[in-house]
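Read through the structure below, which is laid out as structure tokens, and then see the notes.
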Amino acid sequence: MQSEYQAKKIEGKWQENWRENNADKTPEDKEKPKFYALSMFPYPSGKLHMGHVRNYVITDVIARLKGMQGYRVLHPMGWDAFGLPAENAAIDRGIPPAKWTDQNIAQMKQQLQQLGLSLDWNREVATCKPEYYKWTQWIFLQFFQAGLAYQKEATVNWDPIDQTVLANEQVDSEGYSWRSGAKVERKLLRQWFFKITDYAEELLNDLDKLEGWPERVKLMQANWIGKSVGAYLEFPIVGMEEKVAVFTTRPDTVYGVTYVVLAPEHPLTPKVTTDDRQEAVKAFIEEVSQQSEIDRTAEDKPKRGTLTGGKAINPFNGEEIPILIADYVLYEYGTGAVMGVPAHDTRDFKFAKDNNLPIKVVIIPEKSQEQELKEAYTDSGVMINSDKFNGKNSIEGKQAIIEYAEKQGYGKARIQYRLRDWLISRQRYWGAPIPIIHCPNCGIVPVPESDLPVKLPEDVEFTGRGASPLAKIEEWYNVPCPICGEPAHRETDTMDTFIDSSWYFLRYTDANNPDQAFEFDKVNDWMPVDQYVGGIEHAILHLLYSRFFTKVLRDQGLLKFDEPFLRLLTQGMVQAITYKNPKTGKYIPPEKVNSDSPIDPETGDKLKVFYEKMSKSKYNGVDPQEVLGKYGADTARMFILFKAPPEKDLEWDDADVEGQFRFLNRVWLLVQDFIANPASSKKKQKDDLSKPEKDLRRAIHTAIKEISEDLEGEYQFNTAVSELMKLSNAIKDSKFKNSPIYREAIETLILLIAPFAPHIAEELWHQLGFTTSVHYEKWPTFDPNALVVDEITLVIQILGKTRGTIQVPASSTKAELEQYARDSDVAKRYLEGKEVKKVIVVPGKLVNFVIPKS
């Protein structure tokens, strides 16, 4: 027996034991129901942070619980290992990206294993390994053959000094290159896209199937897809055969169109620009090219534009209207042009005022007169100044205008989505090469499947300047065409890393298969994921792309399900106390601050003190290694689970960590005391139990019931830990330690704590004499009969004042309760020689005797 709880020793012992015995290998017993528990896999930065710990511990509790409940559980882990940081390390430190990534994976894997997670490392994947990205490339070819992968021109961030493409993260908030300092330009390049828009309607509609997803995540996805029902209309250009095409959700306002606006990059822009406007238009386009898409569309920034000199005709009323270009219109969105209706659109109203453009009212509120507008009228109403549609309700007018447009050839009804096709090209080295060959004779040629993977070359020089490093390696770049055999060259773009993470959950089902991305029966056996856990920051892109991949691969006959993730838990952030100087905006490290009187040690300014997401730049991070070193993994797990509901932000508090460590110590000592003085293992009949025994048994089965309920549906790990504490206290307060009920209590406490604190549970279970793992034991089920209260405490009152209590059978009737009360010593003492005028009985609670006041 160990008198002291030595977390580090115990945890090291059992982690080694579990590894040696392959304890977490995924079971293959098909007779058991399956459960697929998955955390979003991490980027291998080299160091775990508390956000990682929270994510993986939550999933681990669920996985361990399901294993004890009789499921065969798949709980894998891997690495989202391609990406910019590795390439930057190569440029800055001269370390090859593969080496830097492998070192980080090894370091993070070791840290993960210290948390006692029940991960099946036999299924580990890393997206940067050829055995993984071979199948990423194969999936690209499936998209290509289905007509879902194509090339077109799109704008990129261009560094004119380094002559290279920059990722958005490499451009600072002022629009300058982080490396060269050059003002970044916007430049057109031919790039690869996936036609996610082909699945827009299904991606939107199938959100209704996701009953296990948070409503806010579904709403975020719906807004991103952005379905709009409206009209496609064409405005002829004066003196030309071309027309300006627009999409509008307000066709009822078309008679109020007083101008049209083109995106500066629109192919019609140079055609409609008149000679006298050439210089102004050119200067404006140059200025806009320096802006990011976010800057151009920001709500809080003024919208700027300029006249092209060109004119269009509003076909509905024959009026000539000016054509402008403006920064807020993007060529990639919709048709790349908009119609201006300043009287009935807030943005158009301000733009028209700023540019002295006419404002024409065509809708007014019911039962009112036309009057000069001080702001745009955007509600529905009655149509005016709209020719034959005058007097019509504007909502009905929408459909009437569309029908008229279709008859006249001016346009048609259309559904449009905010969602755009997915640009998957990256002009970088560290990503999966796109398996395409460009031949001067045959055009775009897919790499034959037998030639996959197209491996990344290893002898690469990284400068951060010029074209992609892949274009500079002639023996890799120059290849014969697979069709005609003539000299050709490889595609030098690599794939967006979101591609890698859009199918990794499928690979885990058959992770070591060298001949297929996944075997049909295996993937359709394990999928979909039963519980997915990750941060809210992935609510849109990662989850949307994963849903898109699933639907495409289903349509290719590879999958038999529509959605990849049945249930989604988005855990909150981990926050810590943060000190900030409100005058300078600087964050101050906690070790430099007196928490009782927080002031800036340099300036003397009073500091703002608040909780904020842990971050290096805010000096408020807590290193998981320090917590593990001081308290152990079980304490860290218990704190993270207890401190807040999983979907809420968690505020780090050292005192609360210490509190969980003390709780585990109490559990340890309870069991040590039991081992030193073991209780009888002989079972007792229910009728033979004393009242204290019944009370303890009720506490046991209440804990089983409450904890089981907390771990189903809406996970409430925090209240489950509270129930563990209640049971521990009930055991500690018990006075009959030789009873078999006491043994049941001790064993049940260990079983219930196992998913939360797996190391201490395993150690104590074996100390009790069991030879198999506690994690292979059956999760306890509660006995409803144990929850039934045989006796209740009946309060006896005289004239409304409590004079005492007695124990009575819980099933007593009102008459029986009155009789028990009359027969009690309490009542006899107070009622002797007194007339009882009235008796008030509250079943299950009290009996009140009303007597004359003395």
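The values are calculated or read from the model by the stated rules, or taken from the named source; none is laboratory data. Model, not experiment: these values are computed from the prediction. Cβ: placed from backbone, ideal geometry, glycine included. Neighbour counts: every protein chain shown. What goes into the accessible areas is simple: the full protein's heavy atoms, side chains included, and nothing from ligands, DNA or RNA. Shrake-Rupley method; radii C 1.70, N 1.55, O 1.52, S 1.80 Å.
Table for the structure above
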quantity: Residue that is nearest to residue 500 (Cα to Cα), among those in segment 67-85 that are in contact (Cβ under 8 Å) with a residue 60 or more places away in the chain, open to solvent by 10 Å² or more (accessible area, probe 1.4 Å) and assigned to a helix (DSSP H, G or I); calculated: 84
quantity: Within segment 578-615, tally of residues that are open to solvent by less than 60 Å² (accessible area, probe 1.4 Å) and of a type outside the set (Lys, Arg); calculated: 18
quantity: Only one of 58, 62, 10 that is assigned to a helix (DSSP H, G or I), open to solvent by less than 20 Å² (accessible area, probe 1.4 Å) and farther than 24 Å from residue 530 by Cα; calculated: 10
quantity: Where a residue in segment 103-118 is under 15 Å from residue 19 (Cβ atoms) and its partner, wherever it lies, is in a helix (DSSP H, G or I) and of a type in the set (Asp, Glu), with Cβ under 6 Å and at least six apart; calculated: 117/60; 118/60
quantity: Residue pairs meeting the criteria (Cβ under 7 Å; at least 6 apart or on separate chains; first closer than 26 Å to residue 19 by Cα, in segment 732-761; second among the acidic types (Asp, Glu)); calculated: 751/777; 757/634; 759/11; 759/634; 760/634
quantity: Segment 276-317, subset under 30 Å from residue 177 (Cα atoms) and aliphatic (A, V, I, L, M), residue most open to solvent (accessible area, probe 1.4 Å); calculated: 294
quantity: Members of segment 114-134 found to be crowded, with 17+ Cβ neighbours inside 10 Å and over 14 Å from residue 456 (Cα atoms), listed by number; calculated: 114, 115, 116, 117, 118, 119, 120, 123, 124, 125, 126
quantity: Residue match in segment 201-217 (condition: in a loop (DSSP other than H, G, I, E, B), modelled with pLDDT of 95 or more, open to solvent by less than 30 Å² (accessible area, probe 1.4 Å) and among the aromatic types (Phe, Trp, Tyr)); calculated: yes
quantity: Some residue of segment 568-575 being under 25 Å from residue 422 (Cβ atoms) and crowded, with 18+ Cβ neighbours inside 10 Å; calculated: yes
quantity: Members of segment 699-710 that are under 15 Å from residue 736 (Cα atoms) and either in contact with a Cys (Cβ under 6 Å, 6 or more places away or on another chain) or open to solvent by 50 Å² or more (accessible area, probe 1.4 Å) (or both); calculated: none
quantity: Boolean, residue 636 is part of a loop (DSSP other than H, G, I, E, B) and buried (at least 17 other Cβ atoms within 10 Å of the Cβ); calculated: no
quantity: Odd one out for residue 117, checked against (1) in contact with a helix residue (DSSP H, G or I) (Cβ under 6 Å, 6 or more places away or on another chain); (2) in a loop (DSSP other than H, G, I, E, B); (3) at pLDDT below 95; calculated: (3)
quantity: Extreme residue, nearest to the chain's Cα centre (by Cα), among residues of segment 286-316 that are aliphatic (A, V, I, L, M) and within 12 Å of residue 329 (Cα to Cα); calculated: 294
quantity: Hits in segment 386-441 - residues which are within 27 Å of the chain's Cα centre (by Cα) and hydroxyl-bearing (Ser, Thr, Tyr); calculated: 417, 425
quantity: Residue match in segment 725-733 (condition: out of contact with any His (no Cβ under 9 Å at 6 or more places or on another chain) and at positive phi); calculated: no
quantity: Selection from segment 822-833 of residues that are at pLDDT 90 or above and either assigned to a loop (DSSP other than H, G, I, E, B) or in contact with a helix residue (DSSP H, G or I) (Cβ under 7 Å, 6 or more places away or on another chain) (or both); calculated: 824, 827
quantity: Residue in segment 29-36 that is in contact (Cβ under 8 Å) with a residue 40 or more places away in the chain and within 16 Å of residue 129 (Cβ to Cβ) present; calculated: no
quantity: Wholly within segment 351-455, strands (runs of 3 or more DSSP E) carrying at least 1 residues that are among the hydroxyl-bearing types (Ser, Thr, Tyr) and within 30 Å of residue 308 (Cβ to Cβ); calculated: 411-417
quantity: Condition check for residue 562: farther than 23 Å from residue 190 by Cβ, in a helix (DSSP H, G or I), open to solvent by 30 Å² or more (accessible area, probe 1.4 Å) and touching a residue at least 40 places away in the same chain (Cβ under 8 Å); calculated: no
quantity: Residue match in segment 338-360 (condition: closer than 20 Å to residue 278 by Cα, modelled with pLDDT of 95 or more and buried (at least 18 other Cβ atoms within 10 Å of the Cβ)); calculated: no
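So that you can scan it fast, the table gives a plain yes or no per residue for (1) charged (D, E, K, R); (2) more than 25 Å from the chain's Cα centre (by Cα); (3) under 28 Å from residue 184 (Cβ atoms):
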| position | (1), (2), (3) |
| --- | --- |
| 97 | no, yes, yes |
| 124 | yes, no, no |
| 141 | no, yes, no |
| 146 | no, yes, no |
